[in-house]
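Okay, so here's the structure we're looking at.
The values are calculated or read from the model by the stated rules, or taken from the named source; none is laboratory data. Keep in mind it's a predicted model, so treat the numbers as computed, not measured. Backbone-built Cβ (ideal geometry, glycine too); neighbour counts: all protein chains shown.
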């Protein structure tokens, strides 16, 4: 994403640099330094058989979960984005409903799957149903797939908005079947968004924690994150063991993303195989109204199927002690607001910074396909991978690092709202970054240059050309992060105090006091809040495209 | 244009609201910082006692909000309670605090025996000092007393110098009689009104096919009750071995865990998740405390649906205690330890901590009087090396397949 404005670019690079150093490098470095001081980061220690066994299970579970999610998510995303049958608002609602599961708090997800798959669950009444599905590997994979298919479908559908309809129709006219049309026209347009979504899903599944704990049934179904948890949170800190798990986790989660960025940069450098992006999403012209309404209504319905199971917890809302949750609600909303702003602004700054590192593209080839065949800077892809690093770092390690690094200045026992915000913004920054990354790589440089030629100021050019493209995704990213922040527990548990107890911690606290029905009611409220925040932010963008 | 204005207005309003709420939160935080009781004033010159404890202790309904104001009144001081998560996370905080070289708190509350042993390097020994009500502590839980099996929570006063017990409880399975009745095809009334025939009577009964996937346990790596179950099972298996087999007890214990793995439905990360699944009727038995029965009785379980199950082999005991933190001890801190053994505190423990008070002759509520009291009390090992070995055997058995 290139701005052409040196001040803005400089500011962006400075902001990202500060974020990177203070929120990633210093905390992770503090943890590594502690482990290294014990001389336990040797190759022999790195190949500890116990950790290797856990890494194997992590890989197997992530592979299966991400693979199934990709298989289902790609066609779903293409169907929702398929041109020629748009009905405007309905497609926007479909994308919104696909985004909703991302904000489901994991505690709600766990409760839902127990309610569905458990011994007294809804599915237990079906004839022939085996209770063996609950509390095991299958349950974990199932929960992961249902949670992540909409994420991949959302990425694909967002990219699919720019599918060149005219080319698809021309190919169909010339006798190309669905497969040929997909390979020649659709796939080049959606592949990087699809692969980015797959890489993110892979990271989610590999770092899965709460769902594995609730549904896994105990060893051997465990991930590196659960192993890390037991080394950090239980008894005396086993930092070397935790760091070992964290290193393996980073390796497993970041490798796919590094490959995506590498191959994408190679493609852009060669300038081959890329379709020029359209300057605006395709609009529906000429489709019979009745047909459009029917298929348009079906899309939101199918998208909603991935969120509807979680509504089962709403039946417990009646037990909510409303008078006791006011302050916790306030803390959660403030935290969600600042975390979302922090994560998204940093993501935008990162994209600007990376754009500054890219070689200038040849004019007239809009869409970011680098036409400079003399060689492409390696800095931009490297920066893209580096900036995604937090997505592969356990929040437990990051939180511990914050503690170790800044404990002399921030009294962790006194609690700190801003430390919580910083931690959550760091945690969710990669999500916002990857969500906005495909949008950034479809910049309309030729149109911006044309606007400049016609006398538009940089602000006017951006406002008329780029902002309409960015508005929806930025709002979407804000909604995603805010919704996810509401249900996030690990980050807040490091820097809370008695006056800074957000809703997820209150749930945990009530459960430890036998107040289970109230805790479940609060989880239901959390679900409503997450969905409500995402709806409130995205409602303005629904119907803007398609 | 109108739409843009509306969007701009909403954006500004949202950000303004966010800033206002943050200012309110931050101001609230500064206003009440340093006070465990509502209404604490900035500029309060009273002496301050800082206490590390676990979340449940300071939460609404917990013991902290009941007793801290009493102590503040008694000593004309201010108590600042810093919740640090669960009982095990206290250890992590103590370690980091010690390494930073700036201990903040004077007292820590909520350590059990194994946790106390691990926290030993950061805690202060009392030497010759004892709280004034020391001899009023029940013999079986006092560090210098002796338990049923001759043990006293790890052995010897010297090992526990500095540990002040303030409450105790017994780990046991809780049974859902309605769930069991459904499984047995009989009415719940028949089960609750007489010695329940469907309940397991000994630990060995749990190995039977009727309990396959019928237990809810906690992960011993992340939960105190979970660890207690592993040590309990180890202790029972070890005692059952005699003669020649005793020399091979390690392989047998791994085999035991390998065989036992099929009996639990799931290993929850903590007691709260396990108990939540239990109340959600996922399994008829959950590893908990005998006092859970008292909780249900106090909260309307008049049909005694939820019952504590005692085994012939005995039940493990958990003693929770308080200690002085090294490097920051004060006279006020010792007075607080004295206070923990007072009648005012001990009488409040049953209905706020859901544990037994350690002080002899403390009046118990009716629900506690109805609880089954173990005839045999098992004192689990609390030294780190033994615990680590037990966890290795457990891990080898359940992960090895």
## Note on the structure
(1) closer than 30 Å to residue A:31 by Cα; (2) assigned to a loop (DSSP other than H, G, I, E, B) all hold for residue A:163 apart from (1)
### Message
Tally up the residues in the range A:454-470 that are out of contact with any helix residue (DSSP H, G or I) (no Cβ under 6 Å at 6 or more places or on another chain) and surrounded by 15 or more Cβ atoms within 10 Å (Cβ to Cβ), please.
### Response
5
### Query
over 26 Å from residue B:219 (Cα atoms) and either in contact (Cβ under 8 Å) with a residue 24 or more places away in the chain or part of a loop (DSSP other than H, G, I, E, B) (or both) - does that describe any residue in the range A:129-142?
yes
## Note on the structure
In the range B:377-401, residues that are away from chain A (no Cβ under 12 Å) and exposed (fewer than 13 other Cβ atoms within 10 Å of the Cβ) total 1
### Filtered residues of the range A:294-310 (kept if in contact (Cβ under 8 Å) with a residue 60 or more places away in the chain and either over 18 Å from residue A:72 (Cβ atoms) or assigned to a helix (DSSP H, G or I) (or both))
A:295, A:296, A:297, A:299, A:300, A:302, A:303, A:304, A:309, A:310
### Query
Filter the range A:318-337 for residues that are in a helix (DSSP H, G or I) and away from every other protein chain (no Cβ under 14 Å); which is nearest to residue A:489 (Cα to Cα)?
A:322
### Query
Within the range B:103-117, is even one residue closer than 18 Å to residue B:64 by Cβ and surrounded by fewer than 19 Cβ atoms within 10 Å (Cβ to Cβ)?
yes
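Table: residues versus (1) more than 14 Å from chain B (Cβ to nearest Cβ); (2) within 30 Å of residue B:58 (Cβ to Cβ).
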position: A:421; (1), (2): no, yes
position: A:435; (1), (2): yes, no
position: A:439; (1), (2): yes, no
position: A:446; (1), (2): yes, no
position: A:457; (1), (2): yes, no
position: A:464; (1), (2): no, no
position: A:471; (1), (2): no, no
position: A:487; (1), (2): yes, yes
#### Entry: Residues located in the range A:489-501, provided they are within 13 Å of chain B (Cβ to nearest Cβ), under 15 Å from residue A:425 (Cβ atoms) and assigned to a loop (DSSP other than H, G, I, E, B)
A:490
### Query
Could we say that residue B:88 is at pLDDT below 90 and in contact with a helix residue (DSSP H, G or I) (Cβ under 8 Å, 6 or more places away or on another chain) here?
yes
## Note on the structure
Exactly one of A:303, A:340 is surrounded by 21 or more Cβ atoms within 10 Å (Cβ to Cβ) and more than 12 Å from chain B (Cβ to nearest Cβ), and that residue is A:303
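Quick grid of which residues meet (1) more than 30 Å from residue A:468 (Cβ to Cβ); (2) modelled with pLDDT of 70 or more; (3) in contact with a helix residue (DSSP H, G or I) (Cβ under 7 Å, 6 or more places away or on another chain); (4) facing chain A (nearest Cβ under 10 Å):
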{"residue": "B:2", "(1), (2), (3), (4)": "no, yes, no, no"}
{"residue": "B:9", "(1), (2), (3), (4)": "no, yes, no, no"}
{"residue": "B:24", "(1), (2), (3), (4)": "yes, yes, no, yes"}
{"residue": "B:28", "(1), (2), (3), (4)": "yes, no, no, yes"}
{"residue": "B:43", "(1), (2), (3), (4)": "yes, no, no, no"}
{"residue": "B:62", "(1), (2), (3), (4)": "yes, yes, yes, yes"}
{"residue": "B:67", "(1), (2), (3), (4)": "yes, yes, yes, no"}
{"residue": "B:71", "(1), (2), (3), (4)": "yes, yes, yes, no"}
{"residue": "B:77", "(1), (2), (3), (4)": "yes, yes, yes, no"}
### Subset of the range B:258-269 [at pLDDT 85 or above and facing chain A (nearest Cβ under 10 Å)]
B:261, B:264, B:265, B:266, B:267, B:268
### Query
Quick check, is residue A:174 away from chain B (no Cβ under 14 Å) and touching a helix residue (DSSP H, G or I) at 6+ places or on another chain (Cβ under 9 Å)?
no
## Note on the structure
Scanning the range B:292-311 for residues that are more than 9 Å from chain A (Cβ to nearest Cβ) and more than 21 Å from residue B:214 (Cα to Cα) gives B:294, B:297, B:298, B:300, B:301, B:302, B:303
### Task
Considering every residue within the range B:212-231, establish whether at least one is in contact with a strand residue (DSSP E or B) (Cβ under 9 Å, 6 or more places away or on another chain), modelled with pLDDT under 70 and assigned to a helix (DSSP H, G or I).
no
